[in-house]
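Okay, structure first, notes after.
The values are calculated or read from the model by the stated rules, or taken from the named source; none is laboratory data. Treat the numbers as computed from the prediction; the structure is a model and nothing was measured. FYI the Cβ positions are ideal-geometry reconstructions off the backbone, even for glycines, and counts take in every protein chain you see. Keep in mind that these areas ignore ligands, DNA and RNA; they rest on the heavy atoms of the full protein, side chains included. Shrake-Rupley method; radii C 1.70, N 1.55, O 1.52, S 1.80 Å.
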Amino acid sequence: MQIRKLDTTQKRERARFVDFAFDLYRDAPLWVPPLRGDAMNILDASKHPFYEHSVADFFVAEADGRVLGRVAMLENRNFNAHHHSQAAFFGYFETVEDIEVARALLRTAKEWAAARGLDTILGPRGVIGIDGSVLVEGFEHRPAIGIPWNYPYYDAFIRDSGFEKDTDYLSGYARGDIVLPERLYQIAARVKEKRGFWIKTFRSRAEIRAWIPKAMEIHRQAMSTLHTYYPPTEAETNAVIGSLLTIVDPSLIKLVMKGDDIAGFIIAYHDVSAGLQKAKGRLFPFGWIHILLDRQRTEWVNVNGLGLLPQYRGLGANAMLYTELRDTIAAHGFKHVDTVQANETNFNSTSDHETLGVKWYKRHRHYKLSL
């Protein structure tokens, strides 16, 4: 077995990295493939805005011409500048069930970071800084869109190489027909009337795009204290927004407003995981049809953002958040709700979800290693 750094200027080399995951999970019915084109772009320094400020190398473990595992190593210089740190990220880690392959890949990760004078490895994280994690509980459930599913041996393999838990993220399930206490609707009505709160709804993607500058400032305020946050560049912001707008249904995006100011948000979207599985990572020639049909008939909704800014908590606006989400779910006829990756230490967020009847059923992990 050898570990080889890929020449990512070559399309066939990028494909070798990307296609390994499709091979590894070929017989895994719960794995949801990424769109292959998006995955290829992650490795392409000429296309992804990450490379305007930072660097990454991609490695594969090979034996007898066959890929056995992969890992990427990233130095996100904007993250380190923001946090005054010297951290490397490891990401896109995949391996066959052979601990020697994992050891070799993660040993390469340590050597890569040490050679650059970096003192910590965090991950899994990817080119947008927050993408990537390892599933450690809930293997019997299909993941939400964009959330990893991996084999159960990953956690033990990563810990074997000296990595420790950094933090966990919880995903939860709720029935679509949950009934909220009437008092919440009464509170929501009072805060609308007496405290100037209201709900901003959207009718089109163009309308959402017009609100994005203000929303990104709110995102910065809400996320700036998190240890995963760093200020994205304009190009990175546009890339994330572009991805979001391709899947979003404007009627599932809501803002809680206080006068002219954004006080909170609800971000949800149709779970088209089944369509992505049928598309097998390709939009063309017919993958887009599977995704479109699944969007029309899915009974699942993913809730990827739910919360209030700290200065607006305790004013009754939480009741608006709960009731608006409940009414939105009911209006679309969703039977199942998958709430996505609330940090286990964010007690305000976990409490908001639990008020809506969420039961935590999946757990994803980030790791840390001091060199």
Restricting to Cα pairs below 8 Å that are 6+ residues apart, what does the relative contact order work out to for the chain? Please round to a whole percent.
22 percent
Using alpha carbons only, how many angstrom separate the centre of the stretch 11-43 from the centre of the stretch 277-323?
23 Å
In nm², what is the average projected area of the convex hull enclosing the Cα atoms of the stretch 69-129?
3.8 nm²
Could you report the accessible area of Tyr322 in Å², rounded to 10, computed with a 1.4 Å probe on the protein chains as they sit in the structure?
20 Å²
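What FRET efficiency would be calculated for the residue pair Lys335, His227, taking the C-beta separation as r and a Förster radius of 41 Å, to the nearest 0.05?
Approximately 0.70, to the nearest 0.05.
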Yeah, the stretch 297-371 with a ≥ b ≥ c from its alpha-carbon gyration tensor (a/c under 1.5 is rounded, else prolate when a/b outruns b/c, oblate otherwise) is oblate
May I ask you to give the solvent-accessible area per residue for the chain, in square angstrom, as obtained with a 1.4 angstrom probe?
47 Å²
At a probe radius of 1.4 Å, what is the per-residue accessible area of Asp38, in Å² to the nearest 10?
90 Å²
Of all trypsin sites (Lys or Arg not before Pro) in the stretch 79-154, the ones in DSSP coil with at most 14 other Cβ atoms within 10 Å are Arg116
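Compute the Cα gyration tensor for the stretch 1-78, then decide on rounded, prolate or oblate, letting a ≥ b ≥ c be the square roots of its eigenvalues: rounded whenever a/c is under 1.5, prolate when a/b is larger than b/c in the other cases, and oblate in all that remain.
Oblate is the answer for the stretch 1-78, as a/c is 1.5 or above yet b/c matches or exceeds a/b.
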Using a 1.4 Å probe on the protein chains only, how many percent of the accessible area of the chain belongs to carbon and sulfur?
52 percent
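Using a ≥ b ≥ c from the Cα gyration tensor of the stretch 186-253 (square roots of the eigenvalues), is it rounded, prolate or oblate, where a/c under 1.5 gives rounded and otherwise the larger of a/b and b/c decides, a/b for prolate?
Values: a/c = 2.72, a/b = 1.42, b/c = 1.91.
It comes out oblate by the Cα gyration axes.
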Give me the angle, in degrees from 0 to 90, between the Cα long axis of helix 11-24 and the longest principal axis of the Cα atoms of the chain, rounded to the nearest 10.
70 degrees
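222 nm [θ] for the chain, helices only, -39500 (n - 2.57) per DSSP H run of 4+, per residue, to 500?
-11500 deg cm²/dmol
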List the lysines whose Cα sits under 29 Å from the Cα of Lys258, skipping any in the same chain fewer than 8 residues away.
Lys192, Lys194, Lys200, Lys214
Which of the lysines could be linked to Lys335 by a straight reach, that is with a Cα gap under 18 Å, when you skip same-chain ones fewer than 8 residues away?
Lys359
Against the longest principal axis of the chain, how steep is helix 182-194, in degrees 0 to 90 to the nearest 10, with axes from Cα atoms?
80 degrees
Take the alpha-carbon centre of the stretch 105-131, take the same for the stretch 180-210, and report the distance between them in whole Å.
43 Å
Convex hull over the alpha-carbon atoms of the stretch 255-349: what's its volume per residue in Å³?
125 Å³
Excluding residues fewer than 8 positions from Lys280 in its own chain, the lysines with Cα under 21 Å of it are Lys11
